[in-house]
There are 2 protein chains.
Amino acid sequence: MNMDYICTMLENKNESRTSLSELGEFKLIEHLTRGAKIHHQSTLKGVGDDCAVIGGQEKLKVVTTDLLVEGIHFDLSYMPLKHLGYKAVMVNLSDVYAMNANAKQITVSIAVSNRFTLEALEELYAGIHLACEMYEVDLVGGDTTSSNKGLLISITALGEVEAEECVYRSGAKPNDLLVVTGDLGAAYLGLQVLERERQVFEVNPNAQHELDKYTYLVERQLKPEARKDIVRLFEDLELVPNSMIDISDGLSSEVLHLCKESKVGCNVYENKIPLDQQVISTCEEFNLDSTTVALSGGEDYELLFTIGQNDYDKVKGNPNFTVIGHMTEQEEGVHLITRAGEKVEMIAQGWNSLKE
Amino acid sequence: MNMDYICTMLENKNESRTSLSELGEFKLIEHLTRGAKIHHQSTLKGVGDDCAVIGGQEKLKVVTTDLLVEGIHFDLSYMPLKHLGYKAVMVNLSDVYAMNANAKQITVSIAVSNRFTLEALEELYAGIHLACEMYEVDLVGGDTTSSNKGLLISITALGEVEAEECVYRSGAKPNDLLVVTGDLGAAYLGLQVLERERQVFEVNPNAQHELDKYTYLVERQLKPEARKDIVRLFEDLELVPNSMIDISDGLSSEVLHLCKESKVGCNVYENKIPLDQQVISTCEEFNLDSTTVALSGGEDYELLFTIGQNDYDKVKGNPNFTVIGHMTEQEEGVHLITRAGEKVEMIAQGWNSLKE
C-alpha cells in the first residue's frame, strides 16, 4: 500500500459532487455494479433481476437481498416490531417467488441503537420466526451490531428452482399477455390510513380509532404475504410464465422493468387493473386517483408475469389472476390505455428511497 | 389481524427493559435465533459457525453475512472508501475460507446518508470490485437505500466445498494441535497508530505524518487479506483440519468458540503466539502488552484450526503456520500458559460492538 496515499487522504479528503438523489436507486445500482466481471460458470445471472441465479447439479439456486431502514422504509410508531419482522422476510421471499423458485433459507442481520431493548428484538424475531414457520424457510445465519441511530434490517434469501422453470424478467415476448395476481394499491392506502390515525392521536390522545372500515388496507400494509401459493399454482397448472417480477415499487415501475429487460413494449388497460372495494372507497375519501395509487403505490408484493396467448386457458377464470394488458414490439413503447381510450406513456413514479 | 392489537399499539407502545449491552453480541444472536426450526434437509448447518452450510448434489454451499456500520466498525476519517469496500468483502470471504470452502459469489447492500456523493460510492465499489477481481468472486446482487445517518454495508458471501472437506468449529478433539496462520495483533495496533495520527493532525494540521515505521500495521488495518491461499495450501498438503474458525474478534474469543462448539478444553502457550517485529516494537512504544493485543485485538482475519497429531508433519516448518497449543478434555478448561509458566484461565475480551 502506498503510504503517500494514506497521508494525502488523512490531510485532504476527496470532496466530489454528484448527489445521489439525482441518480435514483435503480440507476445507482446499475452504475455501481457495471464493472462486475463474472468469474464462475455457476453464476448464471448476477445483478439485474429479482434474484441472482447460481447453477447447481440439478436445481438452480437463487439469491436476493433487501435492506430496510427505520425512518425510510418503516415507522415504528405504527409498525409493531413483530409485523416488521414478518414483513421484512416477506419482502425477500417475494423476490424468490418472482423467479418461480421455492424459498429455502434466509440470513438476517440487524443494526440497532441502544434505545432498543432485548424484548423489542424478541418481538422483531418473533415475526421473523413466524414467517419462517409459515413459509417453511430456514433461518441460517446473521449478524447483530449496534447502530448510531435507529433500526436496520438486512435479509438475504436463498431459493431453488429447476433450471427449465426459472423465470427471468427478460423473457417477455411481443403478444404475451400481461397478468397480475391479487389486487393493487391497498398497502399504500393502508399506510395513509395509519399515518392519519397517528396524526389524530397526536392531537387528541383520547380520540377513538376508526380502523374497521380499513381492515384490508391496514392488513396489506402491516402484514403482507408473499405469493408462495402462486408458485405452487403454476406447478399445478403446468404453467411456466415467459417473464415475471414482483410488485414492490408500484405497477408502472415493474411494467417498465419487464419491458426494459425483455426489450418489448406494453399496453396496460386502466379498466383491467384489479382494485379492492376498500381501495376504491378509500381513494374517494382521501381524494386520490385509484389508478395512480395502483401504478405508483408500491408494497403490494403481488406477482406480475407474462404468458403466451396459447396459455390463456390456464389463467382464464382463476380468481387469483387478472389479465391487464399485452406486450408489444419495443418500438411501440409502454402505454396505459385509459378508461377514456386515451393512450398515455407510462413513466416510473415508483417509490424511490434515495429521493426522500 | 386483530385491529384491537393495532389500536393498543398505536396508543401505548410496549416498553420493556433488558438492555442489549448486558447481553453482548454472541449471546444475543444465540438468544434470538434459538427458536429457529429447520425445515429443509438441505440446511445442514444453520446459525453458529462461520457460515451456514447448505447441501447440494455434490458440493455443499456455505453462506455468511456481515454488517459494517460507520462509527462502530469503521471511521471514514482514516479509512479511505476504496479500502473500506475491499475490507468489507474480506471480512465475509474470511468466514467462507474458515469453512475450508471456496468463495464464489457475494451480494452487497448499502445504506447511505445524503452527505455521500456518487463519486464516494464509486470509490467504495472500486474497492469491492477490486476484491472480487483479486479473489475471483462474483458480485451477484444487492440493494442500495438511504440512511438517516452515515454509511452501512451489508455483505452476504456464498461459497462451495466438497462435503468431506467442509470444516466446522465443532470438530476439534482432545490432543489436537492448535495452529494459527500468519501473525496476530497488527491490525489492532494499526488502528491505534491511525487514531493517534488523526489526533495529531487535528491539533496541528501542518504536522508531518510519520507512518513509515508502521507500514505493516497500517496495511493490516486498512487492507487486510482473507486467507484464500491457505485453503489452497490445505488442498496441496492434503490436509483437512478437524476444526477451524477465522480470527476476527481476537485470538481468545476464537479459541473459546472452538472449545465451546467442540466440547473440548485448550492450552495456549503465550511464547508461541506469532507476533510481527513491528507489533513488538509498537507495543513497547504505546506501552501495551503484546499478548493482550494478540488475544483481544481483533481484525486479524487469520485462520485458527486444529489438526490431529499425526498431521503435524504437514504443517511443520511451513512459515504460514504456527502451532500455539493443544486441545484437552473439556473439564480441563481453557488456559493460557504464560511465559512464566503460569496457567491463566482464558476469558473472552474480544471486541463487542454492542458494548460500545
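The values are calculated or read from the model by the stated rules, or taken from the named source; none is laboratory data. All values reported here derive from a predicted model rather than from experimental measurement. Note that we place each Cβ from the backbone using ideal geometry, even for glycine, and neighbour counts take in every protein chain shown.
Data for the structure
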quantity: Yes/no for A:VAL231 being modelled with pLDDT under 95, in a helix (DSSP H, G or I) and among the aliphatic types (A, V, I, L, M); calculated: no
quantity: Elements of type helices (runs of 4 or more DSSP H) in region A:273-356, at least 1 residues being in contact (Cβ under 8 Å) with a residue 12 or more places away in the chain and exposed (fewer than 15 other Cβ atoms within 10 Å of the Cβ); calculated: A:277-286, A:312-315
quantity: Only listed residue being of a type in the set (Val, Ile, Thr) and not assigned by TED's automatic domain parsing to the domain that holds B:ASN242, chosen from B:VAL179, B:VAL137; calculated: B:VAL137
quantity: Matching residues in region B:258-272 - criterion: being assigned to a helix (DSSP H, G or I) and either surrounded by 22 or more Cβ atoms within 10 Å (Cβ to Cβ) or more than 21 Å from the chain's Cα centre (by Cα) (or both); calculated: B:LEU258, B:CYS259, B:SER262, B:GLU270, B:ASN271, B:LYS272
quantity: Out of B:ILE155, B:ILE106, B:ILE110, sole residue that is touching a residue at least 12 places away in the same chain (Cβ under 8 Å), at the interface with chain A (Cβ under 8 Å from one of its Cβ atoms) and not in a helix (DSSP H, G or I); calculated: B:ILE110
quantity: Residue that is more than 24 Å from B:ALA187 (Cα to Cα), assigned to a strand (DSSP E or B), under 17 Å from the mean Cα position of the chain (by Cα) and among the β-branched types (Val, Ile, Thr), where the choices are B:VAL140, B:VAL62, B:VAL69, B:VAL161; calculated: B:VAL62
quantity: Sole exception among (1) part of a loop (DSSP other than H, G, I, E, B); (2) among the hydrophobic types (A, V, I, L, M, F, W, C); (3) within 22 Å of A:GLU329 (Cα to Cα) for A:VAL255, by number; calculated: (1)
quantity: Identity of the residue in region B:295-339, aliphatic (A, V, I, L, M) and in contact with a Pro (Cβ under 8 Å, 6 or more places away or on another chain), that ends up nearest to B:SER248 (Cα to Cα); calculated: B:ILE324
quantity: Residue that is nearest to B:VAL180 (Cα to Cα), among those in region B:190-228 that are of a type in the set (A, V, I, L, M) and in a loop (DSSP other than H, G, I, E, B); calculated: B:ALA226
quantity: Residue within region A:107-126 that is under 24 Å from A:PRO241 (Cα atoms) and either acidic (Asp, Glu) or buried (at least 23 other Cβ atoms within 10 Å of the Cβ) (or both) present; calculated: no
quantity: Qualifying residues in region B:143-152 (those that are at the interface with chain A (Cβ under 7 Å from one of its Cβ atoms) and assigned to a strand (DSSP E or B)) - the one surrounded by the most Cβ atoms within 10 Å (Cβ to Cβ); calculated: B:LEU152
quantity: Single residue of region A:80-103 satisfying the filter (within 9 Å of chain B (Cβ to nearest Cβ) and touching a residue at least 60 places away in the same chain (Cβ under 8 Å)) that is farthest from the chain's Cα centre (by Cα); calculated: A:PRO80
quantity: So A:LYS260, is it among the basic types (Lys, Arg) and farther than 28 Å from A:VAL193 by Cα; calculated: yes
quantity: Failed item in (1) within 11 Å of chain B (Cβ to nearest Cβ); (2) assigned to a helix (DSSP H, G or I); (3) out of contact with any helix residue (DSSP H, G or I) (no Cβ under 9 Å at 6 or more places or on another chain), with A:LEU121 passing the rest; calculated: (3)
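Matching residues to (1) under 20 Å from the mean Cα position of the chain (by Cα); (2) at positive phi:
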residue	(1), (2)
B:VAL293	yes, no
B:SER296	yes, no
B:ASP300	yes, no
B:LEU303	yes, no
B:ASN310	no, no
B:GLY317	no, yes
B:PHE321	yes, no
B:GLU329	no, no
B:ALA340	no, no
